[in-house]
Structure formats: structure tokens, C-alpha cells
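Below is one structure; the comments refer to it alone.
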Amino acid sequence: MQLYQNTNYNSLLTPGQYMFSNYFPTIMKQLSPTYSISAEPVFLDHLLMNLGKTIRVVTINDSLEGTLTGVAIDYIQLTVGDFNYHIRFQHITYFIGKP
């Protein structure tokens, strides 16, 4: 796994900070996927300011508290104990950052 902080806006990868396998860049080049999503840049920025911190994420079904270990353009990774939850933005109602 590689830690990748994408600030290069001409990259094949979406902006954010997340981990990916060594195969991911090759897959992206081969498939050249295109899709559109509703971006919420302010929400994304607020999440990035909490990267590595403990937050509570309230979803449409439940809430989880853990360490925000990844933020991508369409989901977050919240680590709770030994489990990594990948939560898509459209399922997040709000989050509460902890100091």
C-alpha cells in the first residue's frame, strides 16, 4: 500500500489523501474511467482539516466515531479499532470534529 497525497490537479487520481494498492495507477490508466459526482468542496476541505483526528460521523443510518484516515473526492475512510469504514459522502449527514 502507498500513502498518496494528491495536490497535482493534472493527475489521473482524484484530489484527496488516501491509500491505494500498487496496481491502482495502472488500472486507472488502462480503464480511463469517467464519471461525474456532486462535489462539495467546502465539506471536503473541512474533512481534510480533520485528517488524522478523531471525529464522529453521522450517517443516514447510524453514527460512528473513529480516526479519519482517508479523504477522497467521493468518500472518507474512518478507522474504528481494527476496522476501516469507507463511507460515501451521500450517506453522511454531518460530522463532529474533536479537538
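The values are calculated or read from the model by the stated rules, or taken from the named source; none is laboratory data. A quick note: this is a predicted structure, and the numbers were derived from the prediction, not measured. Quick reminder, even Gly has a Cβ in these numbers, built from the backbone with ideal geometry, and neighbours come from all protein chains shown.
For region 41-51, indicate whether the set of residues that are among the acidic types (Asp, Glu) and more than 12 Å from the chain's Cα centre (by Cα) is non-empty. Show your work before the answer.
Residues of region 41-51 that are among the acidic types (Asp, Glu), as a first pass: 45.
Still in the list and also more than 12 Å from the chain's Cα centre (by Cα): none.
No, because not a single residue in region 41-51 is among the acidic types (Asp, Glu) and more than 12 Å from the chain's Cα centre (by Cα).
Using the structure shown, decide if residue 72 is in contact with a Phe, Trp or Tyr (Cβ under 6 Å, 6 or more places away or on another chain) and either surrounded by fewer than 13 Cβ atoms within 10 Å (Cβ to Cβ) or at pLDDT below 90 (or both). Spell out the reasoning first.
Values: in contact with a Phe, Trp or Tyr (Cβ under 6 Å, 6 or more places away or on another chain): yes; either surrounded by fewer than 13 Cβ atoms within 10 Å (Cβ to Cβ) or at pLDDT below 90 (or both): yes.
In short, yes.
If you take the residues in region 30-62 that are among the polar types (S, T, N, Q) and loosely packed, with under 13 Cβ neighbours inside 10 Å, which one is nearest to residue 94 (Cα to Cα)?
Step one: list which residues in region 30-62 are among the polar types (S, T, N, Q), which gives 30, 32, 34, 36, 38, 50, 54, 59, 61.
Retained after the next criterion (residues that are loosely packed, with under 13 Cβ neighbours inside 10 Å): 30, 32, 34, 36, 38, 61.
Values: 30: 36, 32: 32, 34: 28, 36: 22, 38: 16, 61: 12 Å.
Filtering first and then ranking leaves 61.
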